[in-house]
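The values are calculated or read from the model by the stated rules, or taken from the named source; none is laboratory data. Quick caveat: nothing in here was measured; it's all calculated off a predicted structure. FYI the Cβ positions are ideal-geometry reconstructions off the backbone, even for glycines, and counts take in every protein chain you see. Side chains included, ligands, DNA and RNA excluded: accessible areas come from the protein's heavy atoms. Shrake-Rupley method; radii C 1.70, N 1.55, O 1.52, S 1.80 Å.
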Amino acid sequence: FLFGDGEQRGLRPPPVYQQQPAYGEPPSAVPQLTPEQEEVAEAMQRPFDPKYEKQLVDYDRNEKPGTIVIDTPNKFLYLVEGDGKALRYGIGVGKPGFTWSGVKSISAKREWPDWTPPAEMLARRPDLPRHMAGGPENPLGARAMYLGSSLYRIHGSNEPWTIGTNVSSGCIRMRNEDVIDLYGRVNVGARVIVL
């Protein structure tokens, strides 16, 4: 290739360098996290507490096998096995003001459920989507078991670091692997006791 001055130069184009931020750049140019984003970032670093791992435990309540008992204060869900045993799972429960108690039954089960936030939630959080298709990004996670005619569900979560905390608007959250396990063990009509 000949340049205008008749000199032949290399065929490679000149290197292109990416612009780097200048040292001493004012802090306003660095993106700042909101307090909510900082809280989530910190929570994501929190290791999963092994006490919330699924495990077979001794259980002395007099409930029929197949009954689910939700111990809200201690953040455990028990699936009664019988013979003094239960499977215990760690859960996330309602935030202060959103906890509840009572007896329900599983009225429906869904794999990778869609999520449509109820009007009450949208009133509190207008930034939420009006509908979200099921999938890994969906807040209901891999499975959902609907509790009677209420707005509440036992469901998976794409935020496993929230297990063992007061986090929801009344639903019971489980790790996806745990909710898949529970989903396969219970039937529609199973009794659910929330303490």
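Evaluate region 178-191: report whether one residue or more is in a loop (DSSP other than H, G, I, E, B) and out of contact with any strand residue (DSSP E or B) (no Cβ under 9 Å at 6 or more places or on another chain).
The answer is no; no qualifying residue exists.
Confirm whether T72 is at pLDDT 95 or above and among the hydroxyl-bearing types (S, T, Y).
So T72 fits the description; yes.
For region 120-142, check the following and say yes or no: at least one residue is surrounded by 11 or more Cβ atoms within 10 Å (Cβ to Cβ), modelled with pLDDT of 90 or more and in contact with a helix residue (DSSP H, G or I) (Cβ under 6 Å, 6 or more places away or on another chain).
Yes: one or more hits.
Among (1) of a type outside the set (D, E, K, R); (2) in contact with a Ser or Thr (Cβ under 8 Å, 6 or more places away or on another chain); (3) in contact (Cβ under 8 Å) with a residue 24 or more places away in the chain; (4) open to solvent by 10 Å² or more (accessible area, probe 1.4 Å), which single condition is M174 missing?
Looking at each condition in turn, M174 falls short on (4).
Quick check: anything in region 105-120 out of contact with any Leu (no Cβ under 9 Å at 6 or more places or on another chain) and closer than 15 Å to P139 by Cα? Reasoning before the result, please.
We begin by selecting, within region 105-120, every residue out of contact with any Leu (no Cβ under 9 Å at 6 or more places or on another chain); these are 108-109, 111, 116, 119.
Among the residues that remain, those that are also closer than 15 Å to P139 by Cα are: 111, 116.
Yes, region 105-120 has at least one match.
Counting just the residues of region 48-104 that are under 21 Å from the mean Cα position of the chain (by Cα), open to solvent by 40 Å² or more (accessible area, probe 1.4 Å) and of a type in the set (D, E), which one comes out nearest to G184 (Cα to Cα)?
Within region 48-104, the match that is nearest to G184 (Cα to Cα) is E53.
With respect to T34, is the statement that it is at pLDDT 60 or above, at negative phi and surrounded by 14 or more Cβ atoms within 10 Å (Cβ to Cβ) true?
no
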